[in-house]
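Participant: Could you have a look at this structure, given as structure tokens, before my questions?
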Amino acid sequence: MKKRQKEWLLNILGIFIVFVFLFPFFWMIVTSFKTQSEIFQIPPTFLPVDWQFESYQEIMQNNIVQNFFNSLLISSLTTLVVLLLSVPSAYGLARFSIRGKELFILLFLVTQMLPATVILTPLFILFNQMGILNSYAGPILACATLGIPFSVLILRTFFLGIPRELEDAAKIDGCNPLSAFVRIVMPLAMPSIIVCGAVSFFFTWGDLIFSITFNRSQELWPLTAGIYNAIGQYGIEWNSLMAFATISALPVLIIFILLQKRLVKGLASGAVK
Amino acid sequence: MLKKLASKWEGYMFVIPAVIYMLALIGYPLIYNIILSFQDIDLQALNTGDGSFLGFSNYIDLIHDSVFWISVKNTLLYTVGSVVFQFIIGFLLALFFSMKFRLASFLRGIMMVSWLIPLTISALLFRFMMGSEEGIFNQMLLSIGIINDPLPWLTSPDMALWSIVLANIWVGIPFNMLLLSTGLSNLPEDIYESASLDGASVIQKFFHITVPLLRPVILIVMMLGFIYTFKVFDLVFVMTGGGPVNSTEVLSTLSYRYSFDDFNFSMGAATANILFVILFVISLIYLRMIKKDEVM
């Protein structure tokens, strides 16, 4: 009986901790439905007394639909680039004897720790020479460098765990290494590939610096850049800003809920390796 | 013959595309950054394509720039403050969620969401909550009566840096907690059982068993925390933009300002290089550490 009480207590305490920790998100959503005067009220109200939905209408008139589309496009294409490059690379590093393998792995590890600001100026000049400033290409090319090292390192660990006999059997049946990889290994690795894809998607979804630096044209801006711009524009209209933030966070929340267990596991192994 | 050659190279065919990509978009810019920092490239030189060679004069200018030293100091204070507290809180939470109750792993997992949300949004949320009149922090403190006047969270030069540290601690906690939880779950249980038989208290067990056994993981978490915090940009950029009066300027925002507010690309590159060298040295130490310990 006493043990059960303790378990109850721990569960409740746990829920309380998580609520306090995630309070900023709760506050974001609540504020987006409050009126301007209610936001400034002391003591604060924890749920809107006077629900209003105008802030969502307000931001719809702003560029948010275009921003959303841009975020989606940039993040999806970046994820595609990341997976196309990192899946085979991780497989190669896991399966073949390659000279300089250690060096390659080290290269990926080190790049994971580089700040974006370090490559920002040279990339800006390089992209200027290539004539791809003010296009989707700039942020996509740059953001892929965030997802590739992460994905290569995670997927390599995964491929190392797949028994080699599976591919050997395929080869005896007449598969070449490429088709053995595509037909046998890839389907097995799909859950891990999805995690890497999701993480690359999140990395890119959260990018602000590459987009506002490479693209002066607001037509090309993702949600993060749109929000940054809106801070100046809306000033203290926090309900509109919070509505903007809620819309921007929504896809991340949805993907996170769908993939929660796998993602947490993947993040744990990827952050350390 | 051709087949043999192909099979010798097939491994490289898989690996090389990603390596070339990274060399082109990270390796080349790093080298170009060094060249840039010795030149004099502004907006005009960018279009004509020629900048004169200056030698070390950008670096010398930087050393004589008081804002540069302020941002070095801020970056260090910021990093150390964030790493220490996010580690302590992350550790406490990891210990809490390592107790066996039904919702433990589910709740711990949910907390990770704050790590995946765009930093721009987290920064905006804290900027809002720290607002002097509209912010919940002041509203709560005022209604309880702890303070009589609103605190200038982000508007006072003395307070702004610590307010951003607070936001960064929040961002960093789940990451610390997750890694420490993984470490805790790998600890052998029988040691704890025999320690209990010997009459060890919870606190004794923590300091004499948990901490020593977890040492490699603790070091890694601290190092990674340092690396990820040292390069922070978005949080500062969105919360204060380096102000008020440079009180929250860090190396990354300073570099950005040189390059894209003043269009002095060479000074921006020089600042970024200093940031890079510091991070590179720390990364090397970290890599040696994980190689030696071979943890995880």
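Participant: I'd like the carbon and sulfur percentage of the solvent accessible area for the protein assembly as shown, probe radius 1.4 Å, heavy atoms only, ligands and nucleic acids excluded.
Facilitator: Working: 17440 of 25900 Å².
Accessible surface attributable to carbon and sulfur in the protein assembly as shown totals 67 percent.
Participant: What ³J(HN,Hα) values, in whole Hz, does the Karplus curve 6.51 cos²θ - 1.76 cosθ + 1.60 give for region B:9-25 when θ = phi - 60°, with x put for Gly and Pro?
Facilitator: 9, 4, x, 5, 4, 6, 7, 4, x, 5, 5, 4, 4, 5, 5, 5, 9
Participant: How large is the translational diffusion coefficient of region A:56-272 in µm² per second when you combine the Kirkwood radius over alpha carbon pairs with Stokes-Einstein at 4 °C and 1.567 mPa s?
Facilitator: 68
Participant: Over chain B, what is the relative contact order in whole percent, taking alpha-carbon pairs under 8 Å and six or more residues apart?
Facilitator: Values: 314 pairs, mean separation 81.5, N = 296.
RCO, chain B: 28 percent.
Participant: Note every residue of region B:22-44 with a reduction of at least 40 square angstrom in accessible area, all protein chains present versus the isolated chain, computed with a 1.4 Å probe, or write none.
Facilitator: Buried on complex formation: B:Met22, B:Leu25, B:Ile26, B:Pro29, B:Tyr32.
Participant: ³J(HN,Hα) across region B:258-271 via Karplus (A = 6.51, B = -1.76, C = 1.60, θ = phi - 60°), whole Hz, x for Gly/Pro?
Facilitator: After applying 6.51 cos²θ - 1.76 cosθ + 1.60, I find 4, 6, 10, 9, 8, 6, 9, 4, 5, 5, x, 5, 4, 4 Hz.
Participant: By its C-alpha gyration tensor, with a ≥ b ≥ c as the square roots of the eigenvalues, how is region B:167-238 shaped: rounded for a/c under 1.5, else prolate for a/b larger than b/c, else oblate?
Facilitator: Values: a/c = 3.54, a/b = 3.08, b/c = 1.15.
Prolate, since a/c reaches 1.5 and a/b exceeds b/c.
Participant: Place a label point 7 angstrom from the Cα of A:Gln41 along the Cα-to-Cβ direction, then list the residues of region A:215-247 whose backbone nitrogen is under 15 Å away.
Facilitator: Answer for this model: A:239.
Participant: May I pose another question? Amide H of B:Asp40 versus every other amide H placed in the peptide plane: which residues, excluding those fewer than 5 positions away on the same chain, fall under 5 Å?
Facilitator: Distant-sequence amide H within range of B:Asp40: B:Ser52, B:Leu54.
Participant: Roll a 1.4 Å probe over the protein heavy atoms and report the accessible area of A:Ser97 in Å², nearest 10.
Facilitator: 110
Participant: For B:Thr240, what residues show an amide H to amide H distance below 5 Å, using hydrogens built from the backbone and excluding near sequence neighbours?
Facilitator: none
Participant: Given R₀ = 22 Å, FRET efficiency for A:Lys101-B:Leu287 by Cβ-Cβ distance, to 0.05? Show your work: numbers first, answer last.
Facilitator: Working: r = 15 Å, r/R0 = 0.70.
Efficiency for this residue pair is about 0.90.
Participant: With r defined as the distance between the Cβ atoms of B:Ile191 and A:Met190 and R0 fixed at 56 Å, what FRET efficiency is calculated, to the nearest 0.05?
Facilitator: Details: r = 39 Å, r/R0 = 0.69.
Taking R0 as 56 Å, the efficiency between B:Ile191 and A:Met190 is 0.90.
Participant: State, in angstrom, two size descriptors of region B:148-296 derived from its alpha carbons: Rg to one decimal place and Dmax to the nearest whole number.
Facilitator: Expressed in Å, the Cα Rg and Dmax of region B:148-296 come to 20.8, 68.
Participant: Using the Cα centre of chain A as origin and beta-carbon charges of +1 (Lys, Arg) and -1 (Asp, Glu), tell me which of A:Tyr234, A:Trp205, A:Ile39 is placed farthest towards the positive end of the dipole.
Facilitator: So the residue we want is A:Trp205.
Participant: If you put +1 on each Lys and Arg Cβ and -1 on each Asp and Glu Cβ, how big is the dipole of chain A around its Cα centre, in Debye rounded to 20? Show your work: numbers first, answer last.
Facilitator: Details: 17 positive and 13 negative charges, 253 e Å.
That gives a dipole near 1220 debye.
Participant: Per residue of region B:175-180, in order, report the coupling 6.51 cos²θ - 1.76 cosθ + 1.60 (Karplus, θ = phi - 60°) as ³J(HN,Hα) in whole Hz, putting x for Gly and Pro.
Facilitator: For region B:175-180, the Karplus-derived couplings read 4, 4, 5, 4, 5, 5 Hz, x marking Gly and Pro.
Participant: Just want the answer: with Cβ charges of +1 for Lys and Arg and -1 for Asp and Glu, which residue in A:Ile74, A:Asn134, A:Leu267 is farthest toward the dipole's positive end in region A:56-272?
Facilitator: The residue sitting most towards the positive pole is A:Leu267.
Participant: Tell me whether region B:93-214 comes out rounded, prolate or oblate; compute the Cα gyration tensor, take square roots of the eigenvalues as a ≥ b ≥ c, and use a/c under 1.5 as the rounded threshold. The partial results should precede the final answer.
Facilitator: Working: a/c = 2.87, a/b = 2.17, b/c = 1.32.
Prolate shape, in that a/c is at least 1.5 and a/b is the bigger ratio.
Participant: Taking +1 at the Cβ of each Lys and Arg and -1 at the Cβ of each Asp and Glu, which of B:Ser52, B:Pro17, B:Ser71 sits farthest along the dipole of region B:1-144 towards its positive end, judged by Cα position relative to the Cα centre?
Facilitator: Selected residue: B:Pro17.
Participant: Continuing with this model, one more query. Rolling a 1.4 Å sphere over the protein heavy atoms, what is the accessible area per residue of region A:80-236, to the nearest Å²? Present the calculation step by step, with values, prior to reporting the outcome.
Facilitator: On the way: 5860 Å² over 157 residues.
Ligands and nucleic acids excluded, the result is 37 Å² per residue.
Participant: Still on this structure, please answer the following. How big is the B-A contact in terms of buried accessible area, both chains counted, 1.4 Å probe, rounded to the nearest 100 Å²? Numbers along the way, then the final one.
Facilitator: Details: alone 18090 and 16420 Å², together 25900 Å².
So the total buried area for this chain pair works out to about 8600 Å².
Participant: What percent do you get for the relative contact order of region B:1-141 when only Cα pairs under 8 Å and 6+ apart count? Write down the numbers at each step before the final one.
Facilitator: On the way: 41 pairs, mean separation 11.1, N = 141.
Value for region B:1-141: 8 percent.
Participant: Now for a different question. Ranked from the most accessible area to the least, with a 1.4 Å probe and all protein chains present, what is the order of B:Ser185, B:Ser156? Write down the numbers at each step before the final one.
Facilitator: On the way: B:Ser185 85, B:Ser156 20 Å².
So the residues, ranked largest to smallest area, are B:Ser185, B:Ser156.
Participant: Taking the Cα atoms only, what angle lies between the long axis of helix A:186-205 and the longest principal axis of chain A, rounded to 10 degrees?
Facilitator: Computed tilt is about 40 degrees.
Participant: Can I ask one more? If you split all Cα-Cα distances of the protein assembly as shown into 20 Å bins from zero, what percentages do you get per bin, shortest first?
Facilitator: 19, 52, 26, 3, 0
Participant: Counting Lys and Arg as +1 and Asp and Glu as -1, each charge on the Cβ, what is the dipole of the protein assembly as shown about the Cα centre in debye, to the nearest 20?
Facilitator: On the way: 32 positive and 33 negative charges, 484 e Å.
It comes to approximately 2320 debye.
Participant: Just how large is the dipole of chain B about the Cα centre, in debye to the nearest 20, putting +1 at every Lys and Arg Cβ and -1 at every Asp and Glu Cβ? Numbers along the way, then the final one.
Facilitator: On the way: 15 positive and 20 negative charges, 247 e Å.
Using Cβ point charges on Lys, Arg, Asp and Glu, chain B gives about 1180 debye.
Participant: Give me the base-10 log of I(q)/I(0) for chain B at each q in 0.08, 0.15 Å⁻¹, Debye formula, one uniform scatterer per Cα, rounded to two decimals.
Facilitator: Per q value, in the given order, log10 I(q)/I(0) is -0.51, -1.23.
Participant: When N is the residue count of region B:22-83, what does its C-alpha Rg come to as a fraction of 2.2 N^0.38 Å?
Facilitator: Numbers: Rg = 15.5 Å, N = 62, 2.2 N^0.38 = 10.6 Å.
Cα Rg divided by the expected 2.2 N^0.38 Å: 1.47.
Participant: Only sites in a loop by DSSP and with at most 16 other Cβ atoms within 10 Å count here; which chymotrypsin sites (Phe, Trp or Tyr not before Pro) in region A:1-100 make the cut?
Facilitator: Details: sites: A:Trp8, A:Phe16, A:Phe19, A:Phe21, A:Phe25, A:Phe26, A:Trp27, A:Phe33, A:Phe40, A:Phe46, A:Trp51, A:Phe53, A:Tyr56, A:Phe68, A:Phe69, A:Tyr91, A:Phe96; in loops: A:Phe33, A:Phe40, A:Phe46, A:Trp51, A:Phe53, A:Phe96.
Here the chymotrypsin sites (Phe, Trp or Tyr not before Pro) that fit, given the DSSP loop and packing criteria, are A:Phe40, A:Phe46, A:Trp51, A:Phe53.
Participant: Right, another one. Once you have all Cα-Cα distances for region A:194-273, histogram them in 10 Å bins from zero and send the whole-percent values.
Facilitator: 16, 38, 30, 15, 1
Participant: If you average the sequence gap of Cα pairs under 8 Å that are 6 or more apart and divide by the length of region A:56-272, what percent do you get for the contact order? Kindly include the intermediate steps, with their values, before the conclusion.
Facilitator: Details: 213 pairs, mean separation 75.7, N = 217.
Relative CO of region A:56-272 lands at 35 percent.
Participant: Also, I was wondering about something else. In a Debye calculation with equal point scatterers on the alpha-carbon sites of region A:25-83 and no solvent, what is log10 I(q)/I(0) at q = 0.13, 0.22, 0.27 Å⁻¹?
Facilitator: Values, matching the q order: -0.52, -0.85, -1.03.
Participant: Among rounded, prolate and oblate, which fits region B:36-141 when a ≥ b ≥ c are the square roots of the eigenvalues of its C-alpha gyration tensor, a/c under 1.5 means rounded, and a/b larger than b/c means prolate? Walk me through the numbers on the way to the answer.
Facilitator: On the way: a/c = 2.58, a/b = 2.29, b/c = 1.13.
Since a/c reaches 1.5 and a/b is larger than b/c, the shape of region B:36-141 is classed as prolate.
Participant: Less than 12 Å from a label point 7 Å out along the Cα-to-Cβ axis of A:Gln66: which backbone N atoms in region A:217-237 qualify, by residue?
Facilitator: Within reach of a label on A:Gln66, which here means backbone N under 12 Å from a point 7 Å along Cα→Cβ, region A:217-237 contributes A:217-222, A:226.
The values are calculated or read from the model by the stated rules, or taken from the named source; none is laboratory data. Keep in mind that what you see is a predicted model, and the values were worked out from it rather than measured. All Cβ positions, glycine included, derive from the backbone under ideal geometry; neighbour counts span all protein chains shown. Please note that ligands, DNA and RNA were not included when accessible areas were found on the heavy atoms of the full protein model with its side chains. Shrake-Rupley method; radii C 1.70, N 1.55, O 1.52, S 1.80 Å.
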